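What follows is calculated from the coordinates using simple rules that are stated; it is not laboratory data. Computed from a prediction, not measured in an experiment: that's the story for all the values here. Quick reminder, even Gly has a Cβ in these numbers, built from the backbone with ideal geometry, and neighbours come from all protein chains shown.
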Amino acid sequence: MAPRQHRPPLRADERTALTGWLDLQRKILRWKCEGLSDEDAHRSLVPTSPAMTMAGLLSHMRWTEHMWLEVAFLGGDKRVNPAFDPSAEDADWHTGGRPLAELLAEHETQCARSDEIVAAASLDDTGRHPDFHDSGAALRWMLLHLVEETARHAGHADLLREMLDGTKGYS
């Protein structure tokens with residue numbers, strides 16, 4: 001039986017709604033990984049997108065949160081994020097075969113860091129990285145984008161998990 005996922009309150013303030021929906025999508029992504037072996041987590045099922053694995057999704061979402069909140073919003077160093085590696089396409093999706101438990105822990109740690117950044121800022125604050133046009137967006141916009149991106153990939157995780165072992169559902 002799937003763990004019960006909770007939506008944000010129906011009458012929440014804007015910050016609570018945004019962060020609540022983002023957190024729900026993060027939890028769904030992690031839930032879709034529960035019980036997977038490392039072998040299955042790294043199994044490529046989409047011939048045209050070989051990096052689209054459960055492990056690859058987790059890695060990508062970890063680095064996506066880093067890119068938007070630590071790099072674009074805070075103005076941090078983009079060189080630590082593999083998404084900015086010009087020598088390797090989709091480098092943020094590649095896991096080097098690292099164990100699923102390690103990838104899950106990294107994702108959770110990054111999400112906690114993202115939550116700290118969001119809690120310390122106004123939704124009207126804008127990003128600070130001078131190299132990115134999108135850094136001019138308000139934190140509100142960045143959070144909406146992270147909700148969209150995370151939900152989109154949680155949907156991919158739904159399909160991958162069903163293809164791996166038949167497990168499906170949303171709760």
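Give me the net charge for the shell around residue 108: Cβ to Cβ below 14 angstrom, other residues only, Lys and Arg +1, Asp and Glu -1. Don't skip to the end; give the middle numbers.
Working: positive: 26, 27, 30, 62, 113; negative: 23, 34, 65, 102, 106, 115, 116.
Result for the neighbourhood of residue 108: -2.
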Using alpha carbon centers only, segment 104-154 is separated from segment 25-79 by a whole-angstrom value of 15
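In which sequence would 27, 32 go, from the one with the fewest C-beta neighbours within 10 Å to the one with the most?
On the way: 27 16, 32 28.
Listed from fewest to most nearby Cβ atoms, that is 27, 32.
Over segment 1-159, what is the relative contact order in whole percent, taking alpha-carbon pairs under 8 Å and six or more residues apart? Could the numbers behind the result be given before it?
Working: 172 pairs, mean separation 44.7, N = 159.
It rounds to 28 percent for segment 1-159.
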Size of the dipole of the chain about the Cα centre, Lys and Arg at +1 and Asp and Glu at -1 on the beta carbon, nothing else charged, in debye to 20? 500
If each residue's Cβ is checked for other Cβ atoms within 10 Å, how do 114, 87 rank with the fewest at the top? 87, 114
5 Å is the cut-off here: which amide hydrogens, built 1.01 Å from N in the peptide plane, fall below it relative to residue 98, excluding neighbours closer than 5 in sequence? none
Once phi is turned into θ = phi - 60°, what whole-Hz ³J(HN,Hα) does the Karplus curve with 6.51, -1.76 and 1.60 give for every residue of segment 29-42, x standing for Gly and Pro? 4, 5, 4, 5, 8, 4, x, 7, 6, 4, 4, 5, 4, 9
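Calculated from DSSP H runs of 4 or more alone, at -39500 (n - 2.57) each and per residue, what is the 222 nm mean residue ellipticity of the chain, nearest 500?
Values: 5 runs with 81 residues, N = 171.
Rounded to the nearest 500, it is -15500 deg cm²/dmol.
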Charge context of residue 165, other residues only, Cβ under 15 angstrom, K/R +1, D/E -1: -2
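For each of 60, 94, count neighbouring Cβ atoms within 10 Å of the residue's Cβ, then give the residues from fewest to most. All intermediate terms of the calculation are to be shown ahead of the outcome.
Working: 60 25, 94 19.
Least crowded to most crowded, the residues run 94, 60.
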